[in-house]
Structure formats: C-alpha cells, structure tokens
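The next block holds one structure in the form of structure tokens; read it before the comments.
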Amino acid sequence: MGRFLLRRAGQAVVVALGAISLVFVVVRIVPGDPATLILGPDASADQLASVRAGFGLDKPLWQQYLTHMGEVLRGDFGDSWRLGGSAMGATLDRFPATLILALLALLITIVVGFPLGMACARRPGRIADLVVSTGSLVGQALPSFWVGIVLILIFARSLNWLPSTAGGGPLAVILPSVTLALPFVGWLARLVRNGALEESAKDYVRTARAKGTGETAVMYVHVARNIALPVVTVLGLLMGNFIANAVIVEVVFSWPGIGSLMVDAITNRDYAVVEAAIVTITVSYIALNLLVDVVCVALDPRLTPENA
C-alpha cells in the first residue's frame, strides 16, 4: 500500500505540473492585456510598460514560464493584482464554499438516486422504471445554467420559498446544490438499477430467495452489498466532477466559491488566481481518485493496490 500511495503521489505531481503548464500557456495567448485592465485605457505607453515589467510580462514567454515554474516548485503561485495578496491564499479561502456545495450535491445524489435505482430494479419495466430512465436522460441533457435559472424563477421568485443568492442565509445552498446534483441523480439510479438487475440473476440471490429470505432483505442486504464497489467508484468521480463543474452553477447563484473566483479571474486576466484555482481543482480530483482506490481495496480484499 505504501508503494501504491507513493506511485499515485508521483502521478499527482506530474498531472498538476502538466495542468499548470497548460494553463500558463492558454491564459497568456488569450487576447487581453492585464496592464490595460489595471491602469485603464487612458494609461500612457510608459505606464503600461512599467506595469508589464513589474509582473514580468515584458519577457519572452519561455523565460516567463521558467521563472513561474521555479516559483511554483517553491509553492509560490504569485500575487493577485486584482485582489491583492497571495493568489493561492485567495483560492483556498473560497474553496470551502465549493466543497460544501459539492458535498451537499453528492448527498442529494445518493439519497435520491440510490433508492430510485433499487426500486426500479425490483420492478423492471414498470411505469416507475420508465419514468426514471426517461427522466435521467432529460436531466443529463438540460444545461445546468438553464436549470438553475428555472429553479430561481420558480422557488425564489414565484413561490418565494428559497433565496436565490448566497446572501440569503443557510438555505441559499439548496438551489445551487440541487442544480448541480440533478443531472446525476437519474444517472446514478440507472447505474444502481442495472447493477442490481445483473446481481439479481446470480446464484447466491436465487439461493437466498429459495431459503425464504424476504425480497427487501435480498435487495438491500445481499444485492446492495455486491454493487457497492462500482457505486463507490462512481461517487468518488462524481465528487470530483461536482467540484470541477461548480463553475457555471456558482456564477448563476452568485455563490462565493472557487468557480466564480476563477471566472472572475479569467475575465480580468488575473493569471496567478486562474492557475491557483486550476491547481486546487486538479489536486482535489486526484486526491479523490486516490481515496476511491483505497476504499475499493477496503471493500473488496480480493483487489490489490496494483490493480485497484
């Protein structure tokens, strides 16, 4: 297990450095001049040149890259020209809000999707099964920003039940988390349904039924235990997706997370914050994949860290 963790940590470093390199190039080739955004369009050429020199933007791109990577390897992502202070510090200050949103979205997905999938597996081909299958496809096809706007219009504007922005108190997290979870509730339900139907055809399930075990116990004790491994794997990946995909939802609901911070930084060419946010998301995704591997080995002793 120790060698497995070290190998994954090495892979995480390589992926993070690759993400930093890619973001470094992309944000600098996108049209836009940070010096103009800082000083305004009326700034003189000398003032613009001075700001560019202060941020090292007057140097060749390869030289900027080498200097930047040296700073990154020391844990320094630079300072935000717009916010002031450390870019990574500003990113980490926003990360808990995104984490809360992603965790609640994951909880909604599990609490709603898993029972729906098991219910459909107990009565395949019935009306409920068809409704869930169709609804899951529709939910995945609808864009998140549109779903968020519709939820705001219904529950915040028409019914006035829930706040539409983060300033509305603790209940403000409900609408964005539901928006984030909605496309994946039906997806998880279909995954659980298909896995449960496959397990239900196996000999151990027929033996349990032949012994007089109730259908509820068969499904929720025997079958659920044996589909736990793929479900846990998918849930770990979903958590990473929720963190990465929260960008649009946070903008729609004015949620003060890392996603809205990154969009604002991209708009204002705040390179340091963009890179810090991307690295934070990348490392979170890698860490969640590592956690999923460890949990899978714990759930199924037949697996080894080498083939998990």
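The values are calculated or read from the model by the stated rules, or taken from the named source; none is laboratory data. In this text, all values refer to a predicted model and were calculated from it rather than measured experimentally. So basically every Cβ, Gly included, is an ideal-geometry build from the backbone, and we count neighbours across all protein chains shown.
Tally the residues that are touching a residue at least 40 places away in the same chain (Cβ under 8 Å), surrounded by fewer than 17 Cβ atoms within 10 Å (Cβ to Cβ) and among the hydrophobic types (A, V, I, L, M, F, W, C), restricting the search to region 111-132.
0
Can you name the condition, by its number, that G135 falls short on among (1) out of contact with any Pro (no Cβ under 8 Å at 6 or more places or on another chain); (2) in a helix (DSSP H, G or I); (3) crowded, with 18+ Cβ neighbours inside 10 Å; (4) not aliphatic (A, V, I, L, M)?
(3)
Can you say whether T91 is touching a Leu at 6+ places or on another chain (Cβ under 8 Å), crowded, with 18+ Cβ neighbours inside 10 Å and of a type in the set (V, I, T), as far as the supplied structure shows?
So T91 fits the description; yes.
Hey, which of the helices (runs of 4 or more DSSP H) in region 190-308, taking only ones fully inside, have at least 1 residues that are more than 30 Å from P170 (Cα to Cα) and more than 15 Å from the chain's Cα centre (by Cα)?
The qualifying helices (runs of 4 or more DSSP H) are 203-210, 228-252, 271-299.
What is the number of the single condition among (1) crowded, with 17+ Cβ neighbours inside 10 Å; (2) charged (D, E, K, R); (3) modelled with pLDDT of 85 or more that E199 does not meet?
Status for E199: all satisfied but (3).
Kindly indicate whether any position in region 172-184 is in contact (Cβ under 8 Å) with a residue 24 or more places away in the chain and of a type in the set (F, W, Y).
Among the residues of region 172-184, at least one is in contact (Cβ under 8 Å) with a residue 24 or more places away in the chain and of a type in the set (F, W, Y), which makes the answer yes.
So if I check each of L57, L66, L103, which one is assigned to a loop (DSSP other than H, G, I, E, B) and either in contact with a strand residue (DSSP E or B) (Cβ under 9 Å, 6 or more places away or on another chain) or not hydroxyl-bearing (S, T, Y) (or both)?
Going through L57, L66, L103 in turn, the sole match is L57.
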